[in-house]
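Notes follow the structure.
Coordinate-derived values only; no laboratory data. None of these values were measured; they are calculated from a predicted model. All Cβ positions, even for glycine, are placed from backbone atoms using ideal geometry, and neighbour counts span all protein chains on display.
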Amino acid sequence: MNDTPAQQAATGPTQTDQQQPRNAPQQRPRQHAPQRAPQQPWNDLSVVIPLYNEEDSLKELHQQLRSTLGRMNLRYELLFVDDGSTDRSFQVLRDLKRVDKHVKIIRFRRNYGKAAALAVGFDKSQGNVVITMDADLQDDPAEIPALKRKLDEGYDLVSGWKKVRHDPITKTIPSRFFNFVTRVLTGINIHDFNCGLKAYRRDVVKTVKVYGELHRYVPVLAHWEGFRIGELVVQHRARRYGKTKFGMGRFWKGFLDLLTALFTTRYLRRPLHLFGVLGMLTALAGFIIDGVLVVEWFLQMTSLSNRPLFFSGSMLIVIGIQFISIGLLGEMISKTRASSEEYAIRDYIK
Ligand code: UDP
Ligand code: MG
């Protein structure tokens with residue numbers, strides 16, 4: 001796994017290319033790499049592990065990973081992304097690196113959040129297949145071979161499904177609701193969007209941009225870029241050490257993030273289609289209400305000043321116009337920022 005690029009070039013196409021399944025979408029000539037993936041894949045598999053204050057779990061996690069991956073007979077790297085831990089996590093990782101050359105450590109200066117850790121892990125990963133998993137031992141590394149097999153069936157992203165969950169009920173019930181709403185709104189037929197354990201083809205991690213707290217919606221972002229999403233039931237375990245890093249805030253933030261995920265995928269390049277329609281409907285309702293009242297006033301000469309509905313109608317018109325203006329502003333921003341980088345190119349055959 002420590003081959004240099006020069007060595008790679010000398011040996012020609014890596015054996016990983018031949019390992020692709022016949023029906024896999026990645027089977028394409030090497031020079032047609034996706035736009036944002038300048039580096040060559042030097043590994044068959046990268047495991048990206050975001051962690052924040054997980055000192056007690058890391059050693060055991062590393063042992064489990066090693067025993068599973070050791071049996072798989074492939075070149076791999078273990079990319080630990082320390083998201084600004086304030087405990088001894090980094091020292092533990094350094095000790096692990098001393099005994100295992102597969103271990104790589106990225107350490108943030110401060111706590112940026114899981115999405116940031118994933119984004120940087122994705123960027124630095126060099127594997128053909130990228131697995132993400134939580135560091136708290138809730139995800140089982142023994143699932144990795146099954147995830148990879150599922151990917152080889154022709155999927156671009158395989159998401160774990162914690163069918164039997166070992167989490168408190170305050171977490172599982174809202175999570176079901178969220179998953180249901182997300183499934184309905186996005187049309188992606190999976191049950192557990194926020195599972196930490198996922199497998200990706202290299203193309204996906206080099207294309208999808210995870211930021212803010214959008215780690216919950218990576219399948220939504222990937223689906224929008226045209227990748228095929230699959231699902232696999234995985235074992236889930238109770239948290240043994242430390243505590244969850246996401247409090248009750250996860251629910252309302254999760255909802256706002258769903259809005260962001262939907263808006264930035266569907267309407268990023270055409271905001272007026274959303275705001276314009278909303279605005280026209282609102283303003284139209286206002287016009288109809290006020291129109292009726294004005295006709296009544298005209299016919300019966302009743303005073304408009306004691307008709308509160310008239311003010312509601314006027315308000316709707318103003319709000320509608322504001323929606324349309326926001327949409328137009330959005331279009332201006334979108335136009336000045338338009339670039340071909342926004343489009344995920346699958347092949348470029350010259
Ligand atoms: N995590 C992180 N940065 C954060 C919060 C969490 O890297 O700001 C990591 C955390 O260490 C764990 C994973 O993200 O490896 C999932 O977090 P957690 O187990 O707290 O989430 P839950 O299982 O409660 O959904
Ligand atoms: Mg957890």
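Our coupling estimate for the range 136-153, obtained by passing each phi through the Karplus curve with A = 6.51, B = -1.76, C = 1.60 and θ = phi - 60°, is 8, 6, 6, 8, 9, x, 5, 7, 4, x, 5, 4, 5, 4, 5, 4, 5, 6 Hz, Gly and Pro reported as x. The local environment of Phe227, defined by Cβ-Cβ distances under 13 Å, has a net charge of +3 under the rule Lys, Arg +1 and Asp, Glu -1. Note on the chain: with charges restricted to the Cβ of Lys and Arg (+1) and Asp and Glu (-1), its dipole about the Cα centre is near 540 debye. For a straight C-alpha distance cut-off of 22 angstrom, the lysines reachable from Lys163 (same-chain residues fewer than eight places away being disregarded) are Lys148, Lys150, Lys171, Lys198, Lys243, Lys245. Ignoring aspartates and glutamates fewer than eight residues from Lys114 along the same chain, the ones with Cα atoms less than 12 angstrom from its Cα are Asp82, Asp83, Asp134, Glu213. Working from label points 7 Å from Cα in the Cα-to-Cβ sense, the Lys101 to Gln235 distance is 3.1 nm. For the chain, the longest principal axis of the alpha carbon atoms and the long axis of helix 58-72 meet at an angle near 70°. Per residue, the average separation of C-alpha pairs within less than 8 Å and at least 6 apart gives the chain a relative contact order of 18 percent. Here the peptides 90-99, 297-306, 155-164, 127-136 are ranked by packing, the mean other Cβ count within 10 Å, and the order with the highest first is 127-136, 155-164, 90-99, 297-306. Near Thr172: Cβ cut-off under 12 Å, other residues only, Lys/Arg at +1 and Asp/Glu at -1. The net charge is +3. The phi torsions of the range 102-114, fed into the Karplus equation with coefficients 6.51, -1.76 and 1.60 and a -60° offset, translate into couplings of 6, 6, 10, 10, 10, 10, 7, 6, 9, 7, 9, x, 4 Hz, rounded to whole numbers, with Gly and Pro shown as x.
Neighbours of Asp257, meaning other residues whose beta-carbon lies under 11 angstrom from its beta-carbon, give a summed charge of +2 when Lys and Arg score +1 and Asp and Glu score -1. Between amide H atoms placed 1.01 Å from N, distances below 5 Å from Glu231 occur with Ser159, all of them 5 or more places distant or on a separate chain. Between Tyr267 and Asp123, residue separation times 0.36 nm minus the direct Cα-Cα distance comes to 49.3 nm.
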